[in-house]
Amino acid sequence: MTASYAYLYRYSLPFNEPVTVRGRRLLQRDGVLLALKTGDGKHTAWGEIAPLSGLHRETTESAERQIVETLAMHGESGAALMTEGLFPSVRMGLEMAVMNLEASISGRHPFSVPGESMLPRVPLNALLMGSTDVVLLRAQASYQEGYRAFKLKVGKENAEEAAAAVHALHRLFGSQVELRLDANQSMPLDDAIAFARELPKNSVTYIEEPLLQPRDIPEYHAKTGIRSALDETLWQKPGLLGALPPETIGALVLKPNCLGGVAAVLNLVRYAADHNMQAVFSSAFESSISLGFYAILAAATSVRPAACGLDTFRHLKEDIQTTAFHAEGGSLDAASLYLDTREVRTTNLSLASVWTL
Ligand SMILES: O=C(O)CCC(=O)c1ccccc1C(=O)O
Ligand SMILES: [Mg+2]
């Protein structure tokens, strides 16, 4: 059975507090949801198309235009839904909807294998940003809740304050927590090296995208002993990963809607496993629909998933599901959260178009 109808909705969810992404201050998260329905009306499956300003080249509008063209073409020709050549966020959303529909019909989650045992819980990294006071308060509250991994946002402009925050976190939690930093490619090599030398020894597992020029990662590693994690580089310069010595990379940070679909993500999960790197699933502040999908991906691809960057749901003031996305003790129950993604409250969405496929 395949989809007979497609519905496109738009959503707009306010952030709890403005979020800055690569220098852009955002007040709300906008996106498009695609719902596929079977002809008998028994199954509805959701996919999310949500490029983020500052991160994606496509906008919500151009992404919506592309999914509209794809659905229109499919309706006319009856050809299989093609995902080649689409924007990364569109391809991810379309694959999500199709895989969710197949899962709904088969009664299994999208990545299940025969004889699968219970899925592991997926630990989270608490996302820490802002002033040192805010960071420490948030870190303490997260620790109390059960979080054992933190990710602190650092930048060239606040390098001194960031180093002080790392010292404070290291004093408070020592080796009780895994501490990660994310510099979002903000530092020239010399600044990054100077910053690394300010940090307590062995206090951080890795620094995500420390360098303005990621190709300098081997030199950075040689001079600091700190491993980098790749995030932006994975989709900006996909060829670079294979050229970097694996021992200089601590983790691959996987944002499926930037990487452009499930196959690309699974290839990177394999690469990480083969090269002793963590595979860290992460989001770009998508809604629970994507978070539930990424959580099941993380749980299904490892018996002991690395702490994931899916704690972003805390930054959205509202949820679009009947049961809001939630963590318990700093980790996710992927199987149950995945089932929750099937119950969407359409009252908070605006219907943009309906398609017969
Ligand atoms: O990975 C996480 O913990 C949260 C997600 C995150 O940090 C992020 C969210 C939106 C845009 C960019 C980034 C990033 O990792 O740089
Ligand atoms: Mg990052």
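Of note:
- Residue pairs meeting the criteria (Cβ under 6 Å; at least 6 apart or on separate chains; first touching a residue at least 40 places away in the same chain (Cβ under 8 Å), in region 312-334; second among the polar types (S, T, N, Q) and part of a loop (DSSP other than H, G, I, E, B)): T312/S283; I320/S287
- Region 58-72 - residue that is hydroxyl-bearing (S, T, Y) and surrounded by 17 or more Cβ atoms within 10 Å (Cβ to Cβ) and, of those, modelled with the lowest pLDDT: T70
Yes/no matrix, rows are residues, columns are (1) touching a strand residue (DSSP E or B) at 6+ places or on another chain (Cβ under 9 Å); (2) in a helix (DSSP H, G or I):
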| site | (1), (2) |
| --- | --- |
| F15 | yes, no |
| T20 | yes, no |
| L34 | yes, no |
| W46 | yes, no |
| Q66 | yes, yes |
| M73 | no, yes |
| L86 | no, no |
| V98 | yes, yes |
| S104 | yes, yes |
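- Top-ranked residue in region 270-300 [being over 20 Å from D333 (Cα atoms) and away from ligand 2 (no atom under 16 Å from the Cβ); ranked as most open to solvent (accessible area, probe 1.4 Å)]: R270
Quick grid of which residues meet (1) within 16 Å of ligand 1 (Cβ to nearest atom); (2) part of a helix (DSSP H, G or I); (3) of a type in the set (A, V, I, L, M):
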site: K223; (1), (2), (3): no, yes, no
site: N257; (1), (2), (3): yes, yes, no
site: A273; (1), (2), (3): no, yes, yes
site: R304; (1), (2), (3): no, no, no
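- Single residue of region 176-188 satisfying the filter (open to solvent by 30 Å² or more (accessible area, probe 1.4 Å) and either outside the structural domain of I249 (by TED's automatic domain parsing) or not polar (S, T, N, Q) (or both)) that is nearest to ligand 2 (Cβ to nearest atom): E178
- Residue match in region 156-175 (condition: open to solvent by 20 Å² or more (accessible area, probe 1.4 Å) and aromatic (F, W, Y)): no
The values are calculated or read from the model by the stated rules, or taken from the named source; none is laboratory data. On a predicted model such as this, the values are computed, not experimentally measured, just so you know. FYI the Cβ positions are ideal-geometry reconstructions off the backbone, even for glycines, and counts take in every protein chain you see. When the accessible area is computed, the model is the full protein with side chains, heavy atoms only, and any ligands, DNA or RNA have been set aside. Shrake-Rupley method; radii C 1.70, N 1.55, O 1.52, S 1.80 Å.
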